[in-house]
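What follows is a single structure, written as structure tokens, with notes after it.
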Amino acid sequence: MRKFCIAIVLFFLLIFIALAPCSGQEKESSDRFYMRGAFYLDWFGISYEGEQFFSQLGIRLNLEMFNRRGSGWTLKLDGRDRFRMSQEKNNQVIFYDARLSYEKAETPMYFSVGQMNLYDTAGIGQLLGGALGFKPTQNLLLGGYGGLESDVYINRVGKDQQKFGVFARYMGKLGKRLSLSYNHIRYSGMTEQQYLYFASLYPIKKLLVLYGNLEYQLGSNIQNEDRLSRLFLNIRFDPFSMIDVSGFYSSGKGLDFHQYVLEKSQDPILNDQQLERYYYSTQYGLRLSIKPSRGLRFYLSRQESEQKDDQIRNHSWIFGGSSQNILKTGISAYGSYRSNRGEISESDSYYLSISKDFGGLSWNLSFSNTYNCLRFDHTFVGPQPVHLDDYKTISTYIFLVFNRAFAASLEYEYFFQEKMNQHMFFLRLIYRK
């Protein structure tokens with residue numbers, strides 16, 4: 001299996017190298033082969049207190065060929081190979097995309113087959129199968145899909161689990177997007193889940209922006225109080241150039257968990273503040289931002305959070321601010337402090353960050369007293385959010401651009417707590433064509 005996986009990645013790499021001279025041409029002529037992509041070489045290492053050093057080497061190839069998306073036939077290949085270099089050596093291949101699709105503004109037909117995601121239409125995550133659609137108007141797409149349950153790891157295809165459904169997607173001006181789908185999931189011939197999925201991004205004259213997504217379960221075995229399995233709503237109001245107000249409500253896996261898991265599997269950046277919306281069962285709040293001058297922002301937020309399983313309830317006040325290009329030095333800073341109160345609440349937390357832009361080199365340094373990560377552990381059912389209090393984290397990040405084709409990034413993070421110190425290293429080389 002390992003030799004087969006490495007052969008696949010090498011095959012993609014040979015295609016990339018062989019066709020790279022053609023990809024530099026930006027002319028969109030029908031007689032010219034189009035290819036655009038990037039190649040990544042990664043090294044990831046973790047040193048735990050008193051344990052063996054974990055080391056992993058990875059390569060990723062991301063290609064788009066034949067035509068740009070939306071301009072005809074497009075072949076999308078996006079895969080990664082990871083080789084664990086520690087004592088327990090193993091090889092892991094991930095396919096984010098391996099699909100052939102057809103979509104063109106002048107024609108009403110839409111077609112896609114292979115390993116894909118349907119985040120912008122059905123919200124079901126990964127699918128190994130096909131989708132077919134029809135456009136009655138330029139902005140509206142109606143269609144359906146069918147295939148097998150699949151995640152990004154190619155050795156995990158649920159042959160007994162099938163997905164199929166229908167969807168509608170509308171895309172308008174100013175980034176306006178609406179999608180609605182009916183999704184049916186079967187296991188061994190029996191209905192496992194059926195639900196409606198709705199997502200929207202709806203701006204109103206640059207004054208008001210509405211964003212949200214939800215899942216509503218239709219199964220007869222679902223209790224009424226559990227039918228709304230996921231809900232996230234966000235409203236942003238910009239009445240003046242100096243002030244904006246936003247409010248949100250999140251229940252269950254509030255944001256699109258499928259999309260988030262995909263992004264987190266691509267980059268092992270462990271300390272992520274966005275994980276709060278997955279950690280809590282319910283979360284809602286209101287935020288006021290003030291921008292007294294260009295590049296300067298302060299905000300005050302009131303937030304309620306609850307984790308039902310652990311009986312954690314937080315009544316939080318959050319204070320923060322940021323400043324961009326301070327005194328025209330290229331230095332930017334950000335900081336926030338969160339005060340938590342409640343019967344069984346978490347400790348107060350804070351986050352500080354400073355960055356500097358040197359032109360072709362960018363540098364960032366941050367410090368926080370919490371630890372957030374997404375654990376990909378095969379003993380669990382799916383990725384598990386992890387949140388730890390009083391686990392101080394210091395990290396630094398450097399991004400270096402050599403030219404239009406080559407770039408590199410280097411990250412180091414140190415998590416320290418009594419008898420639980422941990423060092424994390426991440427190096428990435430990037431080639432784009």
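The values are calculated or read from the model by the stated rules, or taken from the named source; none is laboratory data. The model shown is predicted, which means the values in this text are computed figures rather than measured ones. Neighbour counts are summed over all protein chains in view; Cβ atoms, including those assigned to glycine, are modelled from backbone coordinates with ideal geometry.
Some observations on this one:
- Out of Leu180, Leu174, Leu196, Leu231, sole residue that is modelled with pLDDT of 80 or more and farther than 18 Å from Leu142 by Cα: Leu231
- Selected residue (only one of Arg177, Arg186, Arg169 is more than 24 Å from the chain's Cα centre (by Cα), in contact (Cβ under 8 Å) with a residue 12 or more places away in the chain and over 15 Å from Leu233 (Cβ atoms)): Arg186
- Test: Tyr211 is part of a strand (DSSP E or B), modelled with pLDDT under 90 and in contact with a strand residue (DSSP E or B) (Cβ under 6 Å, 6 or more places away or on another chain): yes
- In region 198-213, the residues that are in the same structural domain as Ala168 (by TED's automatic domain parsing) never reach a residue that is among the polar types (S, T, N, Q) and exposed (fewer than 15 other Cβ atoms within 10 Å of the Cβ) with C-beta atoms less than 9 angstrom apart, at least six apart or across chains.
- When Leu178, Leu148 are checked against the criterion of being under 30 Å from Val245 (Cβ atoms) and not β-branched (Val, Ile, Thr), a single residue qualifies: Leu178.
- Residues located in region 353-376, provided they are at pLDDT below 70 and not in a loop (DSSP other than H, G, I, E, B): Tyr371, Asn372, Cys373, Leu374, Arg375
- Checking each residue in region 68-98 for being at pLDDT 85 or above and surrounded by 15 or more Cβ atoms within 10 Å (Cβ to Cβ) picks out Gly72, Thr74, Leu75, Lys76, Leu77, Asp78, Ala98.
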